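Here the structure comes first, spelled out in C-alpha cells, and everything after it is commentary.
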C-alpha cells in the first residue's frame, strides 16, 4: 500500500529563499491527506501537480499563520472547481470561527460539506480511523495549543501464498477468511493449516508529524519506533536559548528525538529564515542520527511501498 | 516623479497557469503602495525583489479571498521582520474584524501600529492625501461591496528655468515662492514676471485601479482622461451573460471603457482560469482600444517618469 509524504513547505514563519511555510501531502493508498496549509499551499500543489480534488482530509496543527493561512483560499478554490464531496478538517476549535467569518463576508456558501473535527492539544487521541489508517493527535508544547499527528497503517491481512492456493484450487469466496488467519477444509475433508496457505503481512508503517514544539520527553513514547519521523528543527543548537524561548526545537534535539524513539528515518524542517542554506542543520542532526534528510519542497519520502 | 505599477497577480479567483490572484505594487516617488493582497503576494514580492518594509499603505478593494487572503501573512511577516512604523490599511470595515480574530488566536500583538481606514463602497471619496498624491475610492458594482482606487498626482510646482535663475543670480530662498508662481523683484527694483523665470510643470498623471465590477457607466466620469487604466477583464465577450451574472467585465467592455474615458493606456487583468493563454483577451480589448496591454506577473507599467 502506497504511503508517502511530499513536502510542500519547509520554512518557518515567513516564506524565504524559495522556501514556503509548512504544508505536506500524504498519499496513503492513493488518498491524499493535507497536513498543515500555509499561505501558498495551493500554488505549491499546482507546482508539483497535486490535485486538490483528491484531498479528503486536512489536518491543522495550530493557529500560527505559517501553518494555516492557505486554508480559506484552498476551500474556496475547491468550491469554484466544483467539489461536491465532504471535506474533513481536523483542527483547533477556533479555526471554524475564522473560516466562517471569512466565508460570511465574502458571501460564499461552499458547494460541498466541510466537517470540522476539533483537536484537543492536551491529550493524545485517535481522531480518525478509516480502512487504511489510524490518525492520533500528538500533544506538543508550543506557545499556543498545538498538536502533531501520528499516522499509523492498520494491521494488514495475511498474504496468500499464490502457488499453494492455486495448487489446492481453493475457491475465491474462501480467500477473506484465510487472509484473516483461518484454516481451510478441502472438499475431501483435509484441513490445511493457515500457516501453509499464507505468510505474515508487512508490519504496519507509521509517520509522525511533529510540528512546532519545545523539546520535551512527553511525546516520545507515543512515537516510539515510528517508520518516518518528521520533526521541526527551526534552529541550530547554538540558538538553543532562542529555541527554548520561542518553544521550538534545534536540529541537534531533533536528531536526539530520532535516536531516543528509534525512528527508521528522520526528516527535519521548519527552518528559520536566518538560514539561507541548510547544510549545517542537516550536519547537526546527522551527527547524532545519520539517517536524516532535509524537508525540501517537492521532495517525496516513501514510508511504505 | 516616479509613478509606476508592477503586477504581482493577474488571475481571478484561483491561482493557475503561473498566474497569481490579484495584487499590484505602486511606486510613487519611491514610496510603495500595495493594491489588493491575494494569497501568495508575499511570495510574489520576494520573487520580484520588492521590499515589504517599504510599503506604508495597503488598499483592499473588497473581501473576496482572491483580493485579500495574503494580508494577514504579510502583516505577520512585517512584524517578524522588525517593522516599527505605522501601516495604513484602506479596506471594507469587516477586514479589521477578520485580521483581529486571526491575530487573537495566534496570540500575536504586532510590534507596529496598523491603522485601518474604512472605505465606503457607496460613494466616491478622497481617502488619502499626502505630499505626492490623492487617492479616491471608485464605487463599483460587484456581488459584495467593492471599490476601485484612483491615484492622482498632485499638481506640481512650476519648474525653474535654470539658466535664467543663474543669470539673474536669484538667491535660493526665493525659489519656493517663484515655483508657486510669484514674480521676482531684483535688488535694483526690476520686476521679473514669473513667466520668464519658470515653465509649466508636467500635468499630473493618474492611475485608476478598477477592480471587480459589472460594466456600468457610473464610474466613468470619475476616471475620465486617466493616464493609465487598469480594468478587470475576466471573460471574453462571448461569455457576456456569465460576466453579467457574476458581476464582472469582458475584455471588449474594458476596451470600451478605455475609449469612453479617453484613457492614455489600458492594462487588463483578473483573467478567468478558463483561459490558459491570454491572446484572445488582448485582441478583443485592442479591437476597440489598441493601446492595451496584459497584466503579466512581474511587468511594470510606467505612469510618469
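The values are calculated or read from the model by the stated rules, or taken from the named source; none is laboratory data. The model shown is predicted, which means the values in this text are computed figures rather than measured ones. As a convention, Cβ positions derive from the backbone with ideal geometry for all residues, glycine included, and neighbour counts pool all protein chains shown.
The condition of being without any contact (Cβ under 8 Å) to a residue 60 or more places away in the chain, in contact with a helix residue (DSSP H, G or I) (Cβ under 9 Å, 6 or more places away or on another chain) and in a loop (DSSP other than H, G, I, E, B) holds for only one of B:217, B:203, that being B:217. Per this entry, residue B:259 is not counted among residues that are touching a residue at least 24 places away in the same chain (Cβ under 8 Å) and either buried (at least 20 other Cβ atoms within 10 Å of the Cβ) or part of a loop (DSSP other than H, G, I, E, B) (or both).
Quick one: would you say residue B:95 is free of Cβ contacts under 8 Å to residues at least 40 places away in the same chain and in a helix (DSSP H, G or I)? For residue B:95, the condition - free of Cβ contacts under 8 Å to residues at least 40 places away in the same chain and in a helix (DSSP H, G or I) - is met.
Among residues belonging to region A:28-37 that are touching a residue at least 60 places away in the same chain (Cβ under 8 Å) and outside any loop (DSSP other than H, G, I, E, B), point out the one that is farthest from residue A:267 (Cα to Cα). Don't jump to the end; show me each part of the working.
As a first pass, look at region A:28-37 and keep what is touching a residue at least 60 places away in the same chain (Cβ under 8 Å): A:28-29, A:31, A:33, A:35-36.
With the extra rule that they be outside any loop (DSSP other than H, G, I, E, B), the set shrinks to A:28, A:31, A:33, A:35-36.
Working: A:28: 18, A:31: 22, A:33: 18, A:35: 15, A:36: 16 Å.
Of everything passing the filter in region A:28-37, A:31 is farthest from residue A:267 (Cα to Cα).
Right, residue A:6: part of a strand (DSSP E or B) and in contact (Cβ under 8 Å) with a residue 60 or more places away in the chain or not? Judged against the criteria, residue A:6 is a match. Restricting attention to region A:85-103, and to residues there that are at the interface with chain B (Cβ under 10 Å from one of its Cβ atoms) and crowded, with 20+ Cβ neighbours inside 10 Å, which single residue is nearest to residue B:40 (Cα to Cα)? So, considering only residues that are at the interface with chain B (Cβ under 10 Å from one of its Cβ atoms) and crowded, with 20+ Cβ neighbours inside 10 Å, the one nearest to residue B:40 (Cα to Cα) is A:102.
Of all residues in region B:16-26 being part of a loop (DSSP other than H, G, I, E, B) and touching a strand residue (DSSP E or B) at 6+ places or on another chain (Cβ under 6 Å), which is farthest from residue B:207 (Cα to Cα)? Here the residue is B:20. Of all the residues in region B:27-37, those that are in contact with a strand residue (DSSP E or B) (Cβ under 6 Å, 6 or more places away or on another chain) and either on the phi > 0 side of the Ramachandran plot or at the interface with chain A (Cβ under 10 Å from one of its Cβ atoms) (or both) number 1.
Hey, does region A:226-249 have a residue that's under 21 Å from the mean Cα position of the chain (by Cα), touching a residue at least 40 places away in the same chain (Cβ under 8 Å) and exposed (fewer than 15 other Cβ atoms within 10 Å of the Cβ)? Please lay out each step first, then the result.
Step one: list which residues in region A:226-249 are under 21 Å from the mean Cα position of the chain (by Cα), which gives A:226-234, A:248-249.
Narrowing further to those that are touching a residue at least 40 places away in the same chain (Cβ under 8 Å): A:226-228, A:230, A:232-234, A:248.
Going one step further and asking which of them are exposed (fewer than 15 other Cβ atoms within 10 Å of the Cβ), we end up with none.
No: zero hits.
Among the residues of region B:267-305, those identified as over 23 Å from the mean Cα position of the chain (by Cα) and in a loop (DSSP other than H, G, I, E, B) are B:273, B:274, B:275, B:276, B:277. Would it be correct to say that residue B:45 is within 13 Å of chain A (Cβ to nearest Cβ), farther than 27 Å from residue B:235 by Cβ and touching a residue at least 24 places away in the same chain (Cβ under 8 Å)? Yes, satisfied.
For residue A:6, indicate whether it is within 17 Å of residue A:211 (Cα to Cα), more than 8 Å from every other protein chain (Cβ to nearest Cβ) and surrounded by fewer than 23 Cβ atoms within 10 Å (Cβ to Cβ). Break it down into steps so the answer makes sense when it comes.
On the way: within 17 Å of residue A:211 (Cα to Cα): yes; more than 8 Å from every other protein chain (Cβ to nearest Cβ): yes; surrounded by fewer than 23 Cβ atoms within 10 Å (Cβ to Cβ): yes.
Here the answer is yes, as residue A:6 does meet what is asked.
Being within 14 Å of chain A (Cβ to nearest Cβ) and out of contact with any strand residue (DSSP E or B) (no Cβ under 9 Å at 6 or more places or on another chain) is true of residue B:76. Of the listed requirements (1) in the same structural domain as residue B:34 (by TED's automatic domain parsing); (2) over 22 Å from residue B:29 (Cβ atoms); (3) without any contact (Cβ under 8 Å) to a residue 60 or more places away in the chain, residue B:147 misses just one: (3). Looking across region A:241-256, the residues that are more than 14 Å from residue A:12 (Cα to Cα) and touching a helix residue (DSSP H, G or I) at 6+ places or on another chain (Cβ under 8 Å) come down to A:252, A:253, A:254, A:255, A:256.
To keep it simple, each residue is scored yes or no on (1) at the interface with another protein chain (Cβ under 7 Å from one of its Cβ atoms); (2) without any contact (Cβ under 8 Å) to a residue 40 or more places away in the chain; (3) buried (at least 24 other Cβ atoms within 10 Å of the Cβ); (4) assigned to a strand (DSSP E or B).
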{"site": "A:39", "(1), (2), (3), (4)": "yes, yes, yes, no"}
{"site": "A:50", "(1), (2), (3), (4)": "no, no, no, no"}
{"site": "A:57", "(1), (2), (3), (4)": "no, no, no, yes"}
{"site": "A:62", "(1), (2), (3), (4)": "no, no, yes, no"}
{"site": "A:83", "(1), (2), (3), (4)": "no, yes, no, no"}
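Selection of region A:9-26 for residues being away from every other protein chain (no Cβ under 11 Å) and touching a residue at least 40 places away in the same chain (Cβ under 8 Å) yields A:10, A:22, A:23, A:24, A:26.
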